Structures are given as structure tokens and as C-alpha cells.
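We did not get these values from a lab; they are worked out from the coordinates using the rules stated. Computed from a predicted structure; not experimentally measured. Cβ: placed from backbone, ideal geometry, glycine included. Neighbour counts: every protein chain shown.
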């Protein structure tokens, strides 16, 4: 990261997203996530459940977007956390979670306006395989703590993109520094109509969804 303050974030092209869940799986593999823990999820717009269309025939339609920690500039989770475990990394412009300081009290879960982006790992983590997968520098998982997307902080420190970006077969995910006008996310934000999730909450999220 070079010690230079950034405002890292994602742009998600909802016209390209096919709901294939590759980003979610890449995230799980890269970060060796325990069973039942997802840091990135695919949401089907309008349908009653996953992969069901909105509307009725012949006007039914199906579209998707991905949901994860929004890495807000004004994170409600950090303001609510009594131990400082949830905090904003000003150098990268991301929101982090320190498992060593987390007591699993759930204050961040209650404060976050984006349901489902955090997971309380109540028991000791269980894994599908008897060996770790993913990056050796990925965070350690602890029972009794809250987890969420780190924007692959261990990769950012080495100048790499988050795993979900390169894995997307539809090229629907983009990563960059919103403070850099030449970055892919800044260019897309300037060129295409976009929206934020729940902007009325005042959290200033760092994920833009292209219309």
C-alpha cells in the first residue's frame, strides 16, 4: 500500500453479473472460510428466494447483485463496537475487524444497515477439509468472534486485487482507489449511472452498483 492513504472500493456491473456465485466461492477459498461462513453473497433481485424471477410471465425478469461489507467511510459498526475491534483502516480506506479484540457481543451486527454481511462464528470453526486452503496470509478464524469481508487485505498489502475480482468470469467486478481519477472504479463511476445501497443511512459505502 506504500503508506499512501487510499479509498479502496468495488464497482459491480449488475448488467454483467450472472449470479454464478464464483466470487463467493473464490472468497471462501482464498480466505479459508469455515463452514457456514460467507463474506460475499449473491442476491437475486425481486424474487422470493434465490434464482427466482421478479414479476410474472411474460414480464418476468431475473437480475443479481453481490452483497458484502460495504467498507463505509462512516462505518456504523465501528461507532458501535465497544472494544475497537471494528475499525476503519484509513490508509486503505477499508473497514477491518480485529478478531483478537472482538468479544462476539454483536453490537456491530445490530448497527450495520446491511443485513447478512457479517457472521458471528459462535463455536470453534469447522472446515470441510482436513487441511487449510487459500492464502497462508489469510486471517485466522476464531470462535466467538464476528467476521466479514476484509477486501483481501493480505493481498492488497502485496499490491494484488481481491480474489473475487479476478475470479469473476463475467468481468462484472472492478476494484480500485476512488481517490484516483484514473482507476477503473473512478472511471466507471463517472461514465455509467450507478447506485449505493441504503445511502440514506449516511454510512458512505465504498461499493457502487452500475445500473
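At a glance:
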quantity	calculated
Mean Cα-pair separation over length for the range 116-161, i.e. relative contact order, pairs under 8 Å, 6 or more apart, %	49 percent
Ranking of 186, 68 by count of other Cβ atoms within 10 Å, fewest first	186, 68
Extension reserve of the residue 195-residue 211 stretch, reckoned as 0.36 nm per residue once the Cα distance is removed	5.0 nm
Kirkwood hydrodynamic radius (C-alpha pairs) into Stokes-Einstein, the range 162-208, 37 °C and 0.692 mPa s, D in µm²/s	276 µm²/s
Highest to lowest packing among 45-52, 33-40, 71-78, scored as the average C-beta count within 10 Å	71-78, 33-40, 45-52
Kirkwood-based Rg to Rh ratio, the range 14-92, C-alpha trace	1.09
Additional length obtainable on full extension of the chain from residue 126 to residue 98, 0.36 nm per residue less Cα span	8.1 nm
Interatomic Cα distance distribution for the range 25-150, bins of 5 angstrom, percent	2, 10, 18, 20, 18, 13, 9, 6, 3, 1, 0
Contact order normalised by residue count of the range 39-136, Cα under 8 Å, 6+ apart, percent	21 percent
Efficiency of FRET from Cβ geometry, residue 35 and residue 160, R₀ 22 Å, rounded to 0.05	0.25
For the range 77-153: span of alpha carbons on each principal axis (Å, largest first)	38, 28, 22
Distance from the range 106-151 to the range 158-200 (C-alpha centre basis), Å	24 Å
Length-normalised contact order for the chain - Cα pairs under 8 Å, 6+ apart - percent	32 percent
Order by protection proxy (mean Cβ within 10 Å, highest first), peptides 10-21, 140-151	140-151, 10-21
Bins of 10 Å from zero: percent of alpha-carbon pairs in the range 133-194	18, 41, 29, 11, 1
Pairs of Cα atoms farther than 15 Å apart, the range 25-70, %	54 percent
